[in-house]
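Here's the structure we're looking at; comments come further down.
The values are calculated or read from the model by the stated rules, or taken from the named source; none is laboratory data. Note that the coordinates shown come from a computational prediction; the quantities given were computed from them, not determined experimentally. So basically every Cβ, Gly included, is an ideal-geometry build from the backbone, and we count neighbours across all protein chains shown. These area figures cover heavy atoms from the full protein model, side chains too; ligands, DNA and RNA do not enter into them. Shrake-Rupley method; radii C 1.70, N 1.55, O 1.52, S 1.80 Å.
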Amino acid sequence: VQLQASGGGLVQPGGSLRLSCAASGSIFRLNAMGWYRQAPGKQRELVASITKDRSTNYADSVKGRFTISRDNAKNTLSLQMNSLKAEDTAVYYCNVYPVAWAYWGQGTQVTVSS
């Protein structure tokens with residue numbers, strides 16, 4: 001099983017980042033996918049989800065700022081994050097949606113700070 005997020009980093013408020021997730025082909029092809037995040041001291045939360053036919057949903061806190069997409073040919077999930085805020089600081093993970101197992105791959109740290 002491969003669910004490896006990348007692309008995080010340190011960015012100033014108002015800046016942008018693009019996250020990518022490499023997923024195992026069998027998992028990616030058969031499932032809706034989601035981006036999740038966990039901030040220090042908080043529970044993990046769903047940020048955005050996308051179905052196999054690319055229907056999307058977003059948490060209210062990121063609507064209009066984040067865009068989730070998927071490349072079914074490359075088994076890649078992406079999250080374009082614009083107008084970043086300090087409260088977006090978290091470790092970001094990709095996984096199937098909804099999550100029906102205990103496996104979480106490597107996340108990527110996003111820090112929004114001046």
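When you go through (1) open to solvent by 10 Å² or more (accessible area, probe 1.4 Å); (2) under 16 Å from Leu46 (Cβ atoms) one by one for Ala90, which number turns out not to apply?
(1)
Here are some residues: Ala102, Ala22, Ala32, Ala39. Which one is open to solvent by 90 Å² or more (accessible area, probe 1.4 Å) and small (Gly, Ala, Ser)?
Criteria check complete, one pass: Ala102.
So Gly15 clears everything in (1) open to solvent by 60 Å² or more (accessible area, probe 1.4 Å); (2) part of a loop (DSSP other than H, G, I, E, B); (3) among the small types (Gly, Ala, Ser) except one condition, right? Which one?
(1)
Go through the stretch 48-65 and give me each residue that's closer than 18 Å to Leu17 by Cα and in contact (Cβ under 8 Å) with a residue 24 or more places away in the chain.
Selection gives Ala48, Ser49, Ser61, Val62.
Can you tell me which residue in the stretch 42-60 is nearest to Asn82 (Cα to Cα), limited to those that are crowded, with 16+ Cβ neighbours inside 10 Å and hydroxyl-bearing (Ser, Thr, Tyr)?
Tyr58
Looking at Val96, Val112 in this structure, which one is open to solvent by less than 20 Å² (accessible area, probe 1.4 Å) and touching a helix residue (DSSP H, G or I) at 6+ places or on another chain (Cβ under 6 Å)?
Val112
Are any residues in the stretch 2-12 open to solvent by 70 Å² or more (accessible area, probe 1.4 Å) and not in a strand (DSSP E or B), and if so, which ones?
Within the stretch 2-12, Gln2, Gln12 qualify.
Taking the condition in contact with a strand residue (DSSP E or B) (Cβ under 7 Å, 6 or more places away or on another chain) and without any contact (Cβ under 8 Å) to a residue 60 or more places away in the chain, does Ala90 pass?
yes
I'd like to know if the stretch 62-84 contains one or more residues that are more than 18 Å from Gly8 (Cβ to Cβ), at pLDDT below 95 and crowded, with 16+ Cβ neighbours inside 10 Å.
The answer is yes; a qualifying residue exists.
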